[in-house]
Amino acid sequence: MVSPVLQLNSVGYRVGGKAIVANVSYALNSGEIGILLGPNGAGKSTLLKLACGDLRPTSGEVLYLGEQLDHYPLADKAKNVSVLPQSSSLNFPFLSEEVVMLGRTPHSTGLKVDQGIVDQALALTDVTHLRKQPYTQLSGGEQQRVQLARVFAQVWSMEAGQENLMILDEPTSALDFYHQQLIAKALRQKADEGCAVLLAMHDLNVAAQLADKVILVSSGGMHCQGTTDEVLQPEILKEVFSLDFYAVEHPESGKKVLVY
Amino acid sequence: MTRIAPRTLFIFLMASLPLAVLCGLILGPEIILPFDLLSTDNTIVSDRIIIEQLRLPRTLMAGLIGASLAVGGVMMQGLFRNPLADPSLIGVSSGASAGASFVIVLGAGWLGSSDLLGVSVIAIGAFLGAALATYIVYRLAARATGTSVATMLLAGIAISALAGALNSFFTFIADNHMLRQISLWQMGNLSGVTWERLGFAVVVLCGLLSIFPRFSQPLNALLLGESEARHLGINVDRVKIQVIALVAMVVGTAVALTGTIAFVGLVTPHIVRLLIGPDHRTLIPASMLAGAVLLILADAFSRYLLAPSELPVGVVTALLGAPFFLSLLYQQRTAGGRR
């Protein structure tokens, strides 16, 4: 049996006696997009940090390809796992393309290959026209797209016998509608190539469109998980977000859309 | 402001370096032109001695120290992800000052001003002071979970203050002669460089300086943030320890040999970064060259401006560096941008 790319087994995280995350289990297979949903402070970011190894769980275990995540040497892990944090503090005037090139740091594929990958990554997140501009002079949404291009470039191609994983904390939080859709499409394309993607976000409809698996968390615990149809029900969402939701039909596609 | 190609800057600096050295040999209380040395006059012999025994070692030392201070600044700014950082943040300079004052005031009595390997006892005191201060700062910031840069910054400020207090205390109990020695040492001083001392500096500093370029990639990744660098496969904690130890050794040695020379470590990397961008693969070597050129010129002018007496070189580095730096900042600001 093939082990999942990422697996959390009853993971918990406590700080000073307070449980930030308690008893969360889920598994993500290659080619799957898993989306964490939940209100502010529910523990989404903490869960992502546990999943990428920034934090070590105080109970339970995080497995990457069936092995303890922290057993992997940093340099090896970086070739297959890329991470986008919620916010970034880069305040040195790297050009956009230089930022994206940093994503190739773990690889030794040579400048020519890297340059090609950087070009494609810049195009993928629609920042090619900003490539010669200093990162510090970009708007928030543009910066986010450059950082996304970096994260894409890091896991651009899959090495034999390896599985790629992207972990993204609110990758579309600063983006306009057009670019939200663009990034959603790019992530879907990445997943179709076999990359596992785990992300946290707030927009239920983008999540519904994108996710293979939805994980709904509230106050540090798992509320429920399943497919979008199973989880994104007005009654379930009301329990977590304390807000009335209505499922209506999209006038053109006929798909269910959530409004509140 | 737009960047220039790193190669252009390298060519410019490589061309400036010999010119700066030439400047260092020519300028001084007495201007000695190279072709004067060709005739066989009697005064020429003394000129030749001035050049060979005084100006040449001194100029070369200035270049070496300038490169060391500049690269120390680059590393600190990269590590702290702050363009205003310099080696004094981890207590190197203040520790060295306290160490030097300690030796001048308390040690002079029973140690005399003897030399070991061409290095004065004061220099040894300064180096030990720098090393001790950095070590304490590092210990305070080190945790089981890694080293906190913010804590290190605060610890650096606290230890610098402590060293400053010690320094004031030694200054307070010093007599007039010692006082002058202390204040001269603190302003930075390249006079009295001998070939032995230069040899010592070349062996120690060149060896250490050659290690710095291998930190280019880790520092580039570190500019994104610590967790980002870790996810790019960089062992952040190991890089931090190694960089701090290296900077402490290089800057500690530089400060021990020539006193605290202000401004070179802060401004040189900044100027170079404005010109060619923050990529450490080019920033580190270019800053070394620029620091060398800057300090050689500053030293030459320090000997020439108030001849026959000598201006402290730290004063000149500030006078040369500050206006240039400000004009670059001004250009950057008028060039626009969101920042």
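The values are calculated or read from the model by the stated rules, or taken from the named source; none is laboratory data. Quick caveat, the model's predicted, so the values are computed rather than measured. Counting neighbours? That spans all protein chains shown, and the Cβs are built from the backbone with ideal geometry, glycine included.
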Checklist entry - Taking the range A:128-142 on its own, how many of its residues are closer than 14 Å to A:LEU102 by Cβ and either modelled with pLDDT of 95 or more or assigned to a loop (DSSP other than H, G, I, E, B) (or both)? => result 1
Checklist entry - So which of A:LEU168, A:LEU175 is assigned to a loop (DSSP other than H, G, I, E, B) and closer than 30 Å to A:VAL259 by Cα? => result A:LEU175
Checklist outcome for this item: Within the range B:234-277, the count of residues that are in contact with a Pro (Cβ under 6 Å, 6 or more places away or on another chain) and either without any contact (Cβ under 8 Å) to a residue 12 or more places away in the chain or closer than 19 Å to B:ASN189 by Cβ (or both) comes to 2
Checklist outcome for this item: Filtering helices (runs of 4 or more DSSP H) wholly in the range A:14-104 for at least 1 residues that are surrounded by 15 or more Cβ atoms within 10 Å (Cβ to Cβ), more than 14 Å from every other protein chain (Cβ to nearest Cβ) and touching a residue at least 12 places away in the same chain (Cβ under 8 Å) gives A:44-52
Item to check | Residue check for B:PHE172: away from chain A (no Cβ under 14 Å), touching a residue at least 12 places away in the same chain (Cβ under 8 Å) and assigned to a helix (DSSP H, G or I) | outcome: no
Next on the checklist: Every residue in the range B:186-241 that is part of a loop (DSSP other than H, G, I, E, B) and more than 14 Å from chain A (Cβ to nearest Cβ), please.
Outcome noted: B:GLY188, B:ASN189, B:LEU190, B:SER191, B:GLY192, B:VAL193, B:THR194, B:SER210, B:ILE211
Next on the checklist: For the range B:262-281, give me each residue that is assigned to a helix (DSSP H, G or I) and in contact with a Phe, Trp or Tyr (Cβ under 8 Å, 6 or more places away or on another chain).
Outcome noted: B:VAL267, B:HIS270, B:ILE271, B:ARG273, B:HIS280
Next on the checklist: Please verify whether A:ALA186 is in a helix (DSSP H, G or I) and within 14 Å of chain B (Cβ to nearest Cβ), treating the condition exactly as stated.
Outcome noted: no
Next on the checklist: I'm trying to understand the selection: among the residues of the range A:135-158, which are over 22 Å from A:LEU48 (Cβ atoms), surrounded by fewer than 22 Cβ atoms within 10 Å (Cβ to Cβ) and within 14 Å of chain B (Cβ to nearest Cβ)?
Outcome noted: A:THR136, A:GLN137, A:LEU138, A:SER139, A:GLU142
